[in-house]
Structures are given as C-alpha cells and as structure tokens.
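The values are calculated or read from the model by the stated rules, or taken from the named source; none is laboratory data. This is a predicted model, so every value here is computed, not measured. A quick note on method: Cβ atoms are made from the backbone with ideal geometry, for glycine too, and the neighbour counts reach across all protein chains shown. Quick note on the areas: whole protein, heavy atoms, side chains included, nothing else; ligands and nucleic acids left out. Shrake-Rupley method; radii C 1.70, N 1.55, O 1.52, S 1.80 Å.
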Protein chains: 2
Amino acid sequence: MPIWQLCPNIHSVPQIVACTRNDKTGSKSVSGRPKVSPQLNRWFRARAVRSGQKLDRSSLRTQPPEPNPPVRPLPLPVDPDGAVNLDGADVMTVKSIYIVSDGTGWTAEHCVNAALGQFDYCLVDRGCPVSTHLFSGIDDAEKLLEITKQAAKEGAFFVYTLADPSLASAAKQACKLWGVPSTDVLGPITEAIASHLGVSPSGLPRGASGLPLSDDYFRRIEAVEFTIKQDDGACPQNLAEADIVLTGVSRTGKTPLSIYLAQKGYKVANVPIVLGVGVPRTLFEVDPKKVFGLTINPLVLQNIRRTRAKTMGLSSDGRSNYSEMNYVREELEFAGRLFAQNPLWPVIDVTGKAIEETAAVVLRLYHDRKHICTMPRISKRY
Amino acid sequence: MPIWQLCPNIHSVPQIVACTRNDKTGSKSVSGRPKVSPQLNRWFRARAVRSGQKLDRSSLRTQPPEPNPPVRPLPLPVDPDGAVNLDGADVMTVKSIYIVSDGTGWTAEHCVNAALGQFDYCLVDRGCPVSTHLFSGIDDAEKLLEITKQAAKEGAFFVYTLADPSLASAAKQACKLWGVPSTDVLGPITEAIASHLGVSPSGLPRGASGLPLSDDYFRRIEAVEFTIKQDDGACPQNLAEADIVLTGVSRTGKTPLSIYLAQKGYKVANVPIVLGVGVPRTLFEVDPKKVFGLTINPLVLQNIRRTRAKTMGLSSDGRSNYSEMNYVREELEFAGRLFAQNPLWPVIDVTGKAIEETAAVVLRLYHDRKHICTMPRISKRY
C-alpha cells in the first residue's frame, strides 16, 4: 500500500508525506523533492495534486509548524428559518473569512481575493480550505454585532470596509471583545489620503453620498456598450472610434479582455484574424498606436479550441479543422506574418496569463505610447 | 459683484465663502446654509457647483484647518526622452497618489478609488484635485526606488501592493527615508490571513506563481462569453442555462449590469420589455428564483433615453417616441404590470444606483434565495 494511504485525510491536518513522483528528467525520487526553483516546485505540486498524489509540505513552513490550535467543536448552525448549507464533514476544518461592508463589499472582496492569491499553492490542493462570506449593506450596529457574534462562533477572520467611523469603531471593539481576528481594509488608506489632501472623509458608504453619478462612471458605461456592439469585428467602420483595437486569432482572449478594458473606461474593438480570410482593410487605416496583437502558444491554443469545440458540440471527425494542430500552427503563423508587417503593433503573448495581467500590459503600453515618461504609468485625473 | 468673485481660485486654497443659494423651500440664505441633513447638504453642494456657485466649506472640517504645508516649488519634470504631460498651472496644487505594484496593481487601484469615494464631495468641485499614477509590474528594487524618489519630488502619497516581502520592506524604508507618506494595502491583510490559515504567503505576485489558471477563472471567462452572446434577449431558448435573468425596459442598465455579474462568474441573460411587443414566453418557464426585474424613475429614464437618442443621431421630431414622457411612463407601467403578475421576481429600482450597487443587491438576493441564512450573504468556497 503506498505510504500516503496510511496517513490521515490531508484535509484535516497537514502531514509531511513522502511521495513518489516523476520529475521532468524521468527519474523517480521516493522521498523529498528534486532541487528545483520555488516556482517550479509549486508547479510540480499542482501537477502532482492533479494526478492524485499527496504533497510534501515541509518547504512551505518558514518556521516549525505551530501546534494545531484546539479546534472547538462547532455545532452545525441551524436556524429556525432554514438550514445553512455547510458540508458537515468540513465544518471543523474549513477556515472562514467574513467580509463585511456598509457598502457593496466589492473592495474588501477584491482585497481578500488578492491576498488569497498568496496562498494559491495550498488552496489548489485544498490543504488550507477557505470559505468567504460577503455581507454587504451592513449599515447598522445591530446587524454588525450579529455577524461578529457568528464570526466568533465559527472562528472566522473578519475583514471589513465600514465607511461610517462609528460602525468601524464598533466592529473593531466587538472583534476585540470576542477574540475575532480582524482587519480594516479601507480605514488606514482613507485616513492617510485624508491627511494627504487636508480634508475629512465623508464617512458615507458608496451610493449614500447623494451625489449624482460621475461623468467618469457614465463614460465607463458607454465604453462597455460600445465594446459589446463591436465584439468580433462586427462594425469595422467604427474602428476609428475605439480607443484600443485588439487583434488575434480565435481564442486568444479578445472578448473577455475587451470587456475587462471596457469596464475601465476604454472603448475596445476586436478584429479576429482568420486564416484564408484575413482582416478588414480598415485595421490598417487606424492609428497603429492603439492596435495590439495577441498571440499564444500553439499547444495551449489547441487545447483551448478542443475544449471549446466540445462545449459547442462540434464534432472531431475531420469536418472542422479548427482545433487540429496543423491548422492551429498555420493560423498562428499567418497572424505572425501580419504582425511582422505591422511592427508598430505591440504583440502580447497571452499564454498562461490571466485577463487582468494582459490588461495591465496593454494599458501600460497604451499610456506609455500616449505620454512618454521615464517610468511607464497609467495616470488618471480626479 | 457676487462675493465669490472676490475670492482666490478655489483650486488653490479652500476658502470659507459665503454663497447665495436657493434651497428646496425656495427661500434664500445669504450666508451659511440651511439646517439640513449631511446627505442633503452634500447634494446641495454638488448642485450648487454645477450651477456655478462657490461652496461654504466650514462644515467639512472636524477640526480647525491646519496651516497649509509649505508648497515646495516643483520644477516641471522634463525627461531626456520626452516631456511629461502635466498641466503646468496645476503642478503646485494637484495632489498625486502613486500606486505601485509588483503585479497588476488593480487591487491597489480599486482600494484607492474606493477610498477616494470618501472625498467625492470635494473632488466633484475640484476643491481637492487628485491625480493617480499606477505603476504595475515593478518587480525590482531599482525601479521601485526610482519611483519612490519621483514620489518624493512630487510630494505624492505612495500606495503599494508588493507581494515580495523584500520589495515591500524596501518600499517602506525608502518612503520613510525620503518622507513620503505611504500605505501598504495588502501586507496587513495577507499577514492576518497567513496567521488565520497557519501557512506562509508565497511572496509571489499574481501570475508569477507558475500555477495554472484556476477552474474558477475559466468559469468566469465562460460566463462572460455566454453573457455577451445572450445580450438583449438574443437567444431566449438559452434562458434555462443562465444563472441570472435580468428583465426591464430599455435603458434600465441590463447590459452593463449583466457584464458586471458575468465577470463575477454568473451566466446572465437579458430580456428586454418592450411596450406592444411583450417578452418571450420562455421567460415565464424559467425558475423564477433567478429572474430579477429592473425599474427606474420615469424622469431619469427619459433623460437617459434623450441622451442616448442624441448619441445615436435619432431625431426628436416625433418619428420616434422612445424618449417621450408619455411613452416612457406607459412602458414602465407595462413592465410594472408584468412584474405584478410575477410576484416571485424581485424588482430593483436602479434610479441613481451605480452598477456595482445594483449588482450587490441582485447577488445578495440571489444567494439568499438559494441558501436561506439568518443574515443574507454571498458565500464562496476556495
């Protein structure tokens, strides 16, 4: 029996487990891990987990593991008006994060997600399972205290964005009183900005100020609507109106990227490159400073297209070569030649990049080309 | 000459200025302000500004105004490789916020925007003009120090998300050394989560972990693509596949709202309600728990439609009654009757709400209907 089957369920208590793993060179190591960079190590872990192996966690602790804190036996929370959907087996081990806001809570959620990105390596194999619970519109002390009490019962971590200073203070005190670890996400930065600007914060959550929605807001709405109408080269004659033009073969992420950029206020047009069809003439007539080419690794593209074809119910009996490797390579080479003929278009390799990352690259280049600075930046005036 | 014309430019130094203002009751007060709630007060300010009046700022200080810090005469930054685009006249007065990240910087930008929401009341009339400058991908100390030096020159406030602990430490020390006020947005929350989970953060920015993109990420991409194809009731037969169905008359914000929700991972279908045309039969066949009605104040809707018609070049000579008040009211009443006949559909009034706020309401209701809890929440498992 492999050694890991003798060990308790990895979900409950992280174990130092020996594993058998094939590394890239084909050699097997029965214990420990090959001497590799931390990044490659993490990649191995993810790959190992996906192939069903257990992990050696010894490298992930910068200090000796602390003794596990005593786990309070938590009763399953059952309310008079219905059951809470919790997996009973995991109640003792899933760590909860309560995200509380007197506004929408999206800022706090964004911060929590970003911070959790630092723990991807153990989230990916459920070594440190986490549940987040977002409570928005919590604008009175009674609701706030009820949530804090629940957080205390569940042993949750409490993250909050409470614009109202009295609510923020109440949250801080209640958490301290009931031993709930907490972080105020916006308080410190708001106070610092107040000091920098020399004015006081309003103390009102988003939407409660009574001020009309800003011009910038309506500009972003307009950009989203423009971009949706433009999607997939629908109106080539409107390329001139776009702020940014994305071009690339199918499944290089043009659509989700264009939407992401649109939500930041940029009108985006997509122009697909199709082998044998080419691109609209108008693409060569727009200001090259706003055109960005997208490319991707052919193996990854083939994989994406196969998945897509399956979802769309397209058969793989040769009637469509959309995801065939030869076709994929040819189409990418065709796009490559087009990009080479238009050297002013930056070409971004989106392989393995999340949309948010590609967007950051596009916008950094976009702004750098508009306003030359020693250090590229995205500037905005309020 | 009105008294405010005797006062210096409001951009440079906030002044206590008497103003003449019509309040809601029609009476005029020559100095000070009517006794109104803080929210209504802020609304008056915004309205006053838009009608060209100066503001009485005395209520916005919780303590006597500090003497203005000495303004260092800043030379216009001119680089060998080009000019920086700064309005010379404003260099002395616009406050800068530098947003620095070794990743994309979107989290820090989101936090800064949220915090600046607390200062809308003085941003809206440029009483405290602010420029933000986002530097993403700053992953080495040299670039970091160069930016910090520039921040010191400009008297900027420095906000950072630096996953690499040595970079974060370098930023903190450099800012302290050069007297640059700074805030670490993610450090505190990351440390707190690390303590809560009992594991160490990876210290790697987004995208550098080498881990493959998560299933949740691909789910969000799929949701965006689904939602774009669905936009404007294009495929009523696919309503069943959607997680959320939005319905309402034209210009109630269905499109931008559906995209916002899609980016959070929800497949959204939009079904427009049109007077005289009705809605597809399939709308009544889907699970009512996922249908949400949108409504809006008729005056506001008329205004939005007029602006839209102008943008689209539609004439206002009677050939289209799209933005005529009678038509607007009739169409809203038609929608209202439809909603009344389907009482299981929650109806959300979007008047004056930003998309993010409406989204928070929709999702709170959506999750509450799926999993009954004492306190409505949006829960997610990692």
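Over all Cα atoms in the stretch B:143-255, the spread is summed up by Rg and Dmax: 22.1, 63 Å.
If the viscosity is 1.306 mPa s and the temperature 10 °C, what Stokes-Einstein diffusion coefficient in µm²/s follows for the stretch A:215-370 when Rh is the Kirkwood radius over Cα pairs?
Details: Rh = 16.0 Å.
Translational diffusion coefficient: 99 µm²/s.
Heavy-atom accessible area buried between chains A and B is around 11200 Å² (1.4 Å probe, both sides summed).
The residue of chain A whose Cβ sits closest to the rotation axis that maps A onto B, together with that distance in whole Å, is A:110, 2. Across the identical copies, the label point of residue B:146 (7 Å from Cα in the Cβ direction) is separated from its matches by 5.5 nm, in order from shortest.
Leaving out ligands and nucleic acids, note down the accessible area per residue over the stretch B:194-258 with a 1.4 angstrom probe, in whole Å². Let's see the in-between values first.
Details: 2490 Å² over 65 residues.
Per-residue accessible area for the stretch B:194-258 comes out at 38 Å².
Residues whose amide H lies under 5 Å from that of residue B:97, counting only those 5 or more places away or on a different chain, are B:131, B:132, B:133, B:157; hydrogens are built 1.01 Å from N in the peptide plane.
Note that the stretch B:250-257 has calculated 3J(HN,Hα) couplings of 4, 6, 8, x, 4, 5, x, 5 Hz, one per residue in order, obtained from phi through the Karplus relation 6.51 cos²θ - 1.76 cosθ + 1.60 (θ = phi - 60°); glycine and proline are x.
Share of carbon and sulfur in the accessible area of the stretch B:157-199 stands at 55%, probe radius 1.4 Å. Whole-Hz Karplus values for the stretch B:151-160 come out as 4, 5, 4, 8, x, 8, 9, 10, 10, 9 Hz, taken residue by residue from phi with 6.51 cos²θ - 1.76 cosθ + 1.60 and θ = phi - 60°; glycine and proline positions read x.
Calculated accessible area for the stretch A:88-148 comes out at 26 Å² per residue, all protein chains present (probe 1.4 Å; ligands, DNA, RNA ignored).
Over all Cα atoms in the stretch A:95-197, the spread is summed up by Rg and Dmax: 13.9, 45 Å. Each copy carries a label point for residue B:275 at 7 Å from Cα toward Cβ; from one copy, the others' points are 5.4 nm away, ordered from shortest. What FRET efficiency comes out for residue A:277 versus residue B:238 if R0 is 35 angstrom and r is the Cβ-Cβ distance? Round to the nearest 0.05. So the FRET efficiency works out to roughly 0.80.
Accessible area of the stretch A:215-370 with a 1.4 Å probe: how many percent of it is carbon plus sulfur? Could you put the intermediate results ahead of the total?
Working: 3680 of 7180 Å².
In the stretch A:215-370, the share of accessible area belonging to carbon and sulfur is 51 percent.
Shown for residue B:321: label points 7 Å from Cα along the beta-carbon vector, and their distances to the equivalent points in the other copies, 5.7 nm in ascending order.
Measuring heavy-atom accessible area with a 1.4 angstrom probe and counting protein chains only, the residues of the stretch A:253-269 that give up at least 30 Å² relative to the chain alone are A:255, A:256, A:259, A:260, A:263, A:264.
In this calculation the C-beta distance from residue A:146 to residue B:173 is compared with R0 = 45 Å, giving a FRET efficiency of 0.60.
Can you tell me the accessible area per residue over the stretch B:266-339, all protein chains present, probe 1.4 angstrom, in square angstrom? Write down the numbers at each step before the final one.
On the way: 4050 Å² over 74 residues.
For the stretch B:266-339, the per-residue accessible area is 55 Å².
The candidates A:135, A:218, arranged from most to least accessible area with a 1.4 Å probe in the full protein assembly, appear as A:218, A:135.
Kindly state, to the nearest 0.05, the FRET efficiency for residue A:326 paired with residue B:284, given R0 = 56 Å and r defined as their beta-carbon distance. All intermediate terms of the calculation are to be shown ahead of the outcome.
Details: r = 49 Å, r/R0 = 0.87.
Efficiency for this residue pair is about 0.70.
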